[in-house]
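One structure is given here, and the rest of the page talks about it.
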Amino acid sequence: MDNARWWLHVQAVFWRFLMGIGMFLHTAGVSRPPPPSFVRYIPFDKNNRKRNVKLYFYCPPAYYRYRATHQGRPLPVVVNFHGGGFTLGSATDDSFWAQCVMQETDAVYVSVDYRRAPEHPFPAAVDDCVETLLYLAAHAGELGIDASRIVLTGFSAGGNLAITVPLRLQNRIQNDTGSDIIDIGPFDSTQNLVSGQGNLQILATFAWYPLLDFVASREHRRATSVFPGKTMPAFFTNLFDEAYIPNHDLRSSPFASPERASDQMLEEGLPQHIFLYTCEWDMLLDEGQRFVRRLEAMGKKVRAMMIEKAPHAWDKSPNPFRDQGRINIIYQTACAEMKAIFDQN
């Protein structure tokens, strides 16, 4: 590891420790979210270096009833990608969202512990999340889930993954069948992409305040935001960007910057239903609104919501006395939309 990467690693470890404390406070209080029901591991053995991608399963009571009786349909699945600039955060950070999904939709919620930068730069996180979808499809019967009814969700960096992962999956399927389209290197996989796909179907994406373009200047976005003083500070954004995509030539890849993807790629790769949530005081607001207009123009069923007077990651405050009820109302509204999509399929 060169000196620059070493220093990024030191910063990442420091902020991971502090974010761990913040997330502990976030989940403290009377209304504690549930812990994961169980954990599964996707094993990898590449170049004699073994590792696992951990999947955290949160299961509603309906899941255990189905497993006991096998009556009715297996449960749909919500696959979630956590935030943290691809550098911080963990798969249990969105546990209040997991609780709401289980209560309101009766879906199995799976949160992905993807590899983080700077130890594992782009496209490691995207590929881990694609691998998760393939694993769920290949093991759907064993797990008691319905891989033909999958919804992707994610917050911040995870919101980016909720959009780029379907594009990466589509690209790899096309490459495996001989199409000559954009590639960014070998797919880190122990499974056959096409034959392992099974009945995998992504019905919708719910992206919360996602970053959609790594090429655009952070300074410009910060300066032109509604409330520059409320945007994420430069020491964070610099860390995230340099840790995740140190090769600036790759920042225009559609699997990192979906705003740079072609209309054809977005139309073919993204599900028909897309929900995008932005924050009024976030430097990412404008690109989110542009992306919504673009998807609407190509015929996608897009629902957008801007959270007024809210900064980036407004729902992840470490303040244990925050108004979680207000957050839950917005979560519940999203889950009602999600349940309607599950029920129609």
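The lone criterion from (1) at pLDDT 85 or above; (2) of a type in the set (Val, Ile, Thr); (3) surrounded by fewer than 17 Cβ atoms within 10 Å (Cβ to Cβ); (4) farther than 19 Å from Val292 by Cβ left unmet by Ile182 is number (1). Note on the range 16-57: residues that are closer than 30 Å to Phe321 by Cα, modelled with pLDDT under 95 and of a type in the set (Phe, Trp, Tyr) total 1.
Can you find even one residue in the range 106-116 that is out of contact with any helix residue (DSSP H, G or I) (no Cβ under 6 Å at 6 or more places or on another chain) and without any contact (Cβ under 8 Å) to a residue 24 or more places away in the chain? No: the range 106-116 contains no residue that is out of contact with any helix residue (DSSP H, G or I) (no Cβ under 6 Å at 6 or more places or on another chain) and without any contact (Cβ under 8 Å) to a residue 24 or more places away in the chain. Scanning the range 302-319 for residues that are touching a Leu at 6+ places or on another chain (Cβ under 9 Å) and not in a loop (DSSP other than H, G, I, E, B) returns Val302, Arg303, Ala304, Met305, Met306.
Within the range 68-76, identify whether any single residue is in contact (Cβ under 8 Å) with a residue 24 or more places away in the chain and within 28 Å of Ile245 (Cα to Cα), and answer yes or no. Scanning the range 68-76, I find no residue that is in contact (Cβ under 8 Å) with a residue 24 or more places away in the chain and within 28 Å of Ile245 (Cα to Cα), so the answer is no. Among the residues of the range 220-249, those identified as over 20 Å from the mean Cα position of the chain (by Cα), more than 18 Å from Trp6 (Cβ to Cβ) and polar (S, T, N, Q) are Thr224, Ser225, Thr231. Hey, can you tell me all the residues within the range 250-272 that are under 15 Å from Val215 (Cβ atoms) and under 17 Å from the mean Cα position of the chain (by Cα)? Passing the criteria: Pro254, Phe255, Ala256, Ser257, Pro258, Glu259.
All of Phe38, Phe81 fail the test of being buried (at least 24 other Cβ atoms within 10 Å of the Cβ) and of a type in the set (Phe, Trp, Tyr), apart from Phe81. Taken together, the criteria exclude Asp282 from residues that are surrounded by 14 or more Cβ atoms within 10 Å (Cβ to Cβ) and part of a helix (DSSP H, G or I). Under the condition of being under 21 Å from Ile163 (Cα atoms) and among the charged types (D, E, K, R), the residues counted in the range 68-116 number 5.
Whenever a residue of the range 301-322 is within 16 Å of Pro228 (Cα to Cα), its partners that are β-branched (Val, Ile, Thr) and part of a strand (DSSP E or B), lying with C-beta atoms within less than 7 angstrom and at least six residues away or across chains, give the pairs Trp314/Ile307. With respect to Val79, is the statement that it is β-branched (Val, Ile, Thr), closer than 26 Å to Thr333 by Cα and within 17 Å of the chain's Cα centre (by Cα) true? So Val79 passes the test. Does the range 220-240 include one or more residues that are part of a loop (DSSP other than H, G, I, E, B) and over 21 Å from Ala310 (Cβ atoms)? No, the range 220-240 contains no residue that is part of a loop (DSSP other than H, G, I, E, B) and over 21 Å from Ala310 (Cβ atoms). When Ala117 is tested against the conditions (1) in contact with a Ser or Thr (Cβ under 7 Å, 6 or more places away or on another chain); (2) within 22 Å of Phe206 (Cβ to Cβ), the lone failure is (2). Of everything in the range 105-163 that is aromatic (Phe, Trp, Tyr) and within 15 Å of the chain's Cα centre (by Cα), the residue that is surrounded by the fewest Cβ atoms within 10 Å (Cβ to Cβ) is Phe122. Here's a check for you: in the range 4-15, which residue that is of a type outside the set (Val, Ile, Thr) and surrounded by fewer than 13 Cβ atoms within 10 Å (Cβ to Cβ) is modelled with the highest pLDDT? Looking at residues that are of a type outside the set (Val, Ile, Thr) and surrounded by fewer than 13 Cβ atoms within 10 Å (Cβ to Cβ), I get Phe14. Just one of the listed residues (Gly22, Gly29, Gly89, Gly85) is over 24 Å from Leu143 (Cα atoms) and in contact with a His (Cβ under 6 Å, 6 or more places away or on another chain), namely Gly89. Scanning the range 65-100 for residues that are more than 28 Å from Gly29 (Cα to Cα) and among the hydroxyl-bearing types (Ser, Thr, Tyr) returns Tyr66, Thr69. State yes or no: is Arg172 surrounded by 13 or more Cβ atoms within 10 Å (Cβ to Cβ) and at pLDDT below 85? So Arg172 fits the description; yes.
In the range 296-304, is there at least one residue being under 14 Å from Pro210 (Cβ atoms) and not aromatic (Phe, Trp, Tyr)?
Yes, because at least one residue in the range 296-304 is under 14 Å from Pro210 (Cβ atoms) and not aromatic (Phe, Trp, Tyr).
The values are calculated or read from the model by the stated rules, or taken from the named source; none is laboratory data. In this text, all values refer to a predicted model and were calculated from it rather than measured experimentally. Heads up, the Cβs are rebuilt from the backbone with ideal geometry, glycines too, and the neighbour counts pull from every protein chain shown.
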